[in-house]
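The values are calculated or read from the model by the stated rules, or taken from the named source; none is laboratory data. If you're wondering where the values come from, they're calculated on a predicted model, not measured in any experiment. Ideal geometry is used to build each Cβ from the backbone, glycine not excepted, and the neighbour counts take in all protein chains shown. All accessible areas refer to the heavy atoms of the entire protein, side chains included, with ligands and DNA or RNA removed. Shrake-Rupley method; radii C 1.70, N 1.55, O 1.52, S 1.80 Å.
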Amino acid sequence: MLELYLDTADVEQVARFNECLPVKGVTTNPSILANSGIGLNQVLPVLAKILGSDARFHVQVVSQTVENMVKEARQIAALPYDMVIKVPATELGLAAIKLMKAEAIPVLATAVYSAHQGFLAALCGADYLAPYVNRIDAMGGDGVGVVADLQLLLDRHRLACKILPASFKNTQQALDVLKLGVGAITLPVDVAEQMFGHPAVQPAVDQFTRD
Ligand code: G3P
């Protein structure tokens, strides 16, 4: 079953969408947390209360060395929630992922901009890969194409790794990666809203009400 995440630390929006969608959990990154003005230790218990005990949280390490990334991952993984550690899929990040997986720490390789980069992270044992669809598009690339290549590589090599595409600016990008059969997706609030907010829907419902 597809894992649906919200790419936000906005607790009101998470509560809102949890009412009407099967939200698996929340993904954050350092920018999202910085913009929310609320720290991880404050926001996690609130999100866990909203989403319940099955909720999964993807939280990124900010350390700059392999050793410190692994230490930070251990601390995050020890929190009393279902935690997945986001690690940028750089050269150092891949080294850290190998060490984390040797300790069975759940890992998402993030900041994936190419299929080959993501594939290497999967080979290192990452449980999830987060290609940045819109950021790739914005650089003149093909974000959906990268996801398609990655899904094909994972299937061909029978790697037990889920693609969790991130960075969306419109519903078409989200629809296109969902059509590829990805195992997960994380949507920003505005795109999640647009998914069921077609402008013709409410007028149709209003007309039914009047009739
Ligand atoms: O965590 C990655 C994702 O949040 C990036 O989204 O909109 O900043 O490209 P965006």
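Among the residues that make up the range 24-34, is at least one of them at pLDDT 95 or above and open to solvent by 10 Å² or more (accessible area, probe 1.4 Å)?
yes
Determine the pairs where a residue that is more than 17 Å from Ala104 (Cβ to Cβ), located within the range 59-87, has a partner that is modelled with pLDDT of 95 or more and open to solvent by 50 Å² or more (accessible area, probe 1.4 Å) with Cβ atoms under 8 Å apart, the partner being 6 or more residues away or on another chain.
Ser63/Lys71; Gln64/Leu92; Thr65/Leu92; Val66/Leu92; Val66/Leu99
Within the group Val182, Val144, which residue is part of a loop (DSSP other than H, G, I, E, B) and among the aliphatic types (A, V, I, L, M)?
On the way: Val144 fails: part of a loop (DSSP other than H, G, I, E, B).
One residue alone meets the criteria, Val182.
Can you tell me which condition Ala96 does not meet? The list is (1) of a type in the set (Gly, Ala, Ser); (2) open to solvent by 50 Å² or more (accessible area, probe 1.4 Å); (3) away from the ligand (no atom under 16 Å from the Cβ); (4) over 26 Å from Val14 (Cβ atoms), and all the others hold.
So Ala96 meets the others, but not (2).
Quick one: how many residues across the range 111-136 are within 15 Å of the ligand (Cβ to nearest atom) and under 16 Å from the mean Cα position of the chain (by Cα)? Quick ask: steps written out before the conclusion?
Going through the range 111-136, the residues within 15 Å of the ligand (Cβ to nearest atom) turn out to be 111-113, 117-118, 121, 126, 128-136.
Filter once more, keeping what is under 16 Å from the mean Cα position of the chain (by Cα): 111-113, 118, 121, 126, 128-136.
Number of matching residues: 15.
Tell me yes or no: at least one residue of the range 181-192 is in contact (Cβ under 8 Å) with a residue 40 or more places away in the chain and either farther than 25 Å from Ser36 by Cβ or open to solvent by 50 Å² or more (accessible area, probe 1.4 Å) (or both).
Step one: list which residues in the range 181-192 are in contact (Cβ under 8 Å) with a residue 40 or more places away in the chain, which gives 182-189, 192.
Then keep just the ones that are either farther than 25 Å from Ser36 by Cβ or open to solvent by 50 Å² or more (accessible area, probe 1.4 Å) (or both); that gives 182-183.
Checking the range 181-192: at least one residue is in contact (Cβ under 8 Å) with a residue 40 or more places away in the chain and either farther than 25 Å from Ser36 by Cβ or open to solvent by 50 Å² or more (accessible area, probe 1.4 Å) (or both).
So which residues in the range 144-165 are within 15 Å of the chain's Cα centre (by Cα) and open to solvent by less than 10 Å² (accessible area, probe 1.4 Å)?
Scanning the range 144-165 gives Val147, Ile163, Leu164, Pro165.
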